[in-house]
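Have a look at the structure below, then the notes.
Derivation of every value follows stated rules applied to the coordinates shown; laboratory data play no part. The structure presented is a predicted model; accordingly, all values stated were derived computationally and were not measured. Every residue, glycine as well, gets a Cβ built from its backbone with ideal geometry; the counts of neighbours run over all protein chains shown.
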Amino acid sequence: MSQPAVQDVSERDLPPMTRREPSAFWKWATYLILMPIMAVWTLLCGGVSLLCSFWDKFGRQQHHVAQIWAKGTLLLAGSRLTVVHPERLQRGGAAVYACNHLSYMDTPALFGTLPFQFRILANHYLFKYPAVGWHLTRSGQVPIDQSSLRSQIAGLTRGVKTLKDGMPVLLFPDGSRSSDGHVRQFLSGAAFMAIKAQVPLVPMALIGTYELLPMHAYALSPRPLLLIVGEAMETTGMTTKNADELTQRLLKTISDMYYAHSPLERPEHAPPSEAKVFV
């Protein structure tokens, strides 16, 4: 199965990405062929992950199954992902990896690319789905319920414990997919967890998945994808009083990397978060 391409180059050397509508061929191919195959592929991998969970106490095999699922999904979508600054993903130990959220294709793009085992903070409703929910529950992923402040804090606290146990955590700080492809205001959960666990916060910008499969669309538009990895932000010595400031630094860093290559024009200010409930 194909691997993501890696480039040890500056993002300034990469050309801007373009946007185009899916062709009639890809619309019908998605509806009649690709989506049914992806559904079967997801059920198959979810079943294998569930089976592995009965003896895989540390989640290694389940994570490997998730990586295979992710790479297969990107292959079916006809999209190759290039990683810029992959050396920034090679650090050992726990860290919070934060990435903008554009599409349902973000999850396979990241699972198929990050070269280490990690856990994700995911909306609690995803844990109820067949196959996907099996894997999330049995592999130790962290649910977060945004319906109240209390439940949000409970989810973040579980994430902090995961970090203190030495496991990296991945999350989308915007809290929801972007409906228009723009990077939106971030919630402070990523900074809060990194500070509480005293681990680095690593910004990542994912470009192209919105054009591949935007919100409320069902037809794929295959294209190259980019994942740009920023320099880690150290949190040693910070307290939770610094969470908002660190969140704004994270937002600016990811926005700078994203709009350098997105076909969208950068707005003067990041639009509000589209998370269903946030405080």
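Observations, loosely collected:
- Local net charge near residue 189, Cβ-Cβ under 11 Å (Lys/Arg +1, Asp/Glu -1): 0
- If you take all other residues with their beta carbon under 14 Å from the beta carbon of residue 198, and give Lys and Arg +1 and Asp and Glu -1, the sum is +1.
- Among 34, 74, 246, the largest mean-square fluctuation in a Gaussian network model of the chain (Cα springs under 10 Å) belongs to 34.
- Applying both filters, DSSP loop and at most 11 other Cβ atoms within 10 Å, to the trypsin sites (Lys or Arg not before Pro) of the range 33-115 gives 57.
- With θ taken as phi - 60° and the Karplus curve 6.51 cos²θ - 1.76 cosθ + 1.60 applied, the whole-hertz 3J(HN,Hα) list for the range 51-62 is 4, 4, 5, 6, 10, 8, 5, 9, x, 5, 5, 5 Hz, x standing for glycine and proline.
- Inter-centroid distance (Cα atoms) of the range 77-146 relative to the range 178-192, Å: 16
- Kirkwood hydrodynamic radius of the chain, Cα pairs, Å: 19.0
- Relative to its Kirkwood radius, the Cα radius of gyration of the range 232-279 gives an Rg/Rh of 1.04.
- In the elastic network of the chain, a GNM with C-alpha springs shorter than 10 Å, the most mobile of 75, 227, 50 is 75.
- Stretchable slack from residue 245 to residue 87, in nm (0.36 nm times residue separation minus alpha-carbon distance): 54.2 nm
- Amide proton proximity set for residue 78, modelled H, under 5 Å, gap of 5+: none
- Rounded D (µm²/s) - the range 54-181, Kirkwood Rh over Cα pairs, Stokes-Einstein at 25 °C, 0.890 mPa s: 159
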